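Input: a single structure, listed below in structure tokens.
The values are calculated or read from the model by the stated rules, or taken from the named source; none is laboratory data. Worth saying up front: this structure is predicted, and the values here are computed from it rather than measured. All Cβ positions, even for glycine, are placed from backbone atoms using ideal geometry, and neighbour counts span all protein chains on display. We work out accessible area using only protein heavy atoms, side chains counted, and drop any ligands, DNA or RNA first. Shrake-Rupley method; radii C 1.70, N 1.55, O 1.52, S 1.80 Å.
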Amino acid sequence: DTAVSQTPKYLVTQMGNDKSIKCEQNLGHDTMYWYKQDSKKFLKIMFSYNNKELIINETVPNRFSPKSPDKAHLNLHINSLELGDSAVYFCASSQGRRGYNEQFFGPGTRLTVL
Amino acid sequence: DQQVKQNSPSLSVQEGRISILNCDYTNSMFDYFLWYKKYPAEGPTFLISISSIKDKNEDGRFTVFLNKSAKHLSLHIVPSQPGDSAVYFCAAVSGGSNYKLTFGKGTLLTVNP
């Protein structure tokens with residue numbers, strides 16, 4: 001059983017489109033995250049939800065909107081995609097909201113904007 | 001502004017020898033450090049961590065050393081195995097930054113048979 005799953009694994013789309021990435025965890029964790037790994041390989045946090053409450057919201061364009069319908073799901077919707085949004089997006093979860101707690105990552109979604 | 005730096009993009013070692021991966025940080029508020037390992041086409045997985053009140057933590061073949069005065073930590077893998085070939089990310093946590101993880105760019109370790 002996959003602990004943290006993301007769909008789709010690959011996403012190729014045109015500039016200006018709107019797309020969503022879905023994430024689900026079956027670990028019973030109360031905190032979920034979205035990270036972006038850009039071309040320079042930095043892994044940077046974008047958002048974090050604890051019990052469906054937004055607790056971390058980094059300096060991310062408001063074209064990015066996370067949605068957490070329940071503790072097991074955290075989706076990422078991106079409006080008006082731009083070339084610079086091309087990256088690998090990782091979802092993660094942990095029990096507890098502190099970075100001290102081990103985070104479990106999904107396999108990533110490679111987004112390519114043409 | 002890179003608060004966590006891994007200055008070696010890659011490292012190659014022979015099987016059975018020691019691998020030493022280095023990490024430097026600039027934020028003195030960091031109080032907890034973690035290493036994550038990442039295989040291609042997979043997400044990172046937690047490897048080992050250390051609190052700032054300690055200077056060493058060991059787990060099997062993996063040992064992390066922390067030198068707070070130098071703002072430097074290192075991950076030692078002994079003996080190195082081909083299956084250890086992966087990208088290793090150093091990460092740091094500060095309570096003052098809402099406990100978020102700040103990652104370095106990673107070091108690609110290749111262990112040659």
- prompt: Of A:54, A:83, A:76, which residue is more than 10 Å from chain B (Cβ to nearest Cβ), surrounded by 19 or more Cβ atoms within 10 Å (Cβ to Cβ) and not hydroxyl-bearing (Ser, Thr, Tyr)?
  reply: A:76
Candidate set from the stretch A:31-45 (those that are in contact (Cβ under 8 Å) with a residue 24 or more places away in the chain and crowded, with 16+ Cβ neighbours inside 10 Å); member that is nearest to the other protein chains (Cβ to nearest Cβ): A:43
task: Kindly state which strands (runs of 3 or more DSSP E) lie completely within the stretch B:40-113 and contain at least 2 residues that are open to solvent by less than 50 Å² (accessible area, probe 1.4 Å) and either in contact with a helix residue (DSSP H, G or I) (Cβ under 9 Å, 6 or more places away or on another chain) or farther than 30 Å from residue A:7 by Cβ (or both).
output: B:45-51, B:62-67, B:72-77, B:107-112
- prompt: Of all residues in the stretch A:1-25, how many are farther than 13 Å from residue A:78 by Cβ, under 16 Å from the mean Cα position of the chain (by Cα) and either small (Gly, Ala, Ser) or open to solvent by 50 Å² or more (accessible area, probe 1.4 Å) (or both)?
  reply: 6
query: Looking at (1) farther than 30 Å from residue B:32 by Cα; (2) away from chain B (no Cβ under 12 Å); (3) modelled with pLDDT of 90 or more, which is the only condition residue A:1 fails?
result: (3)
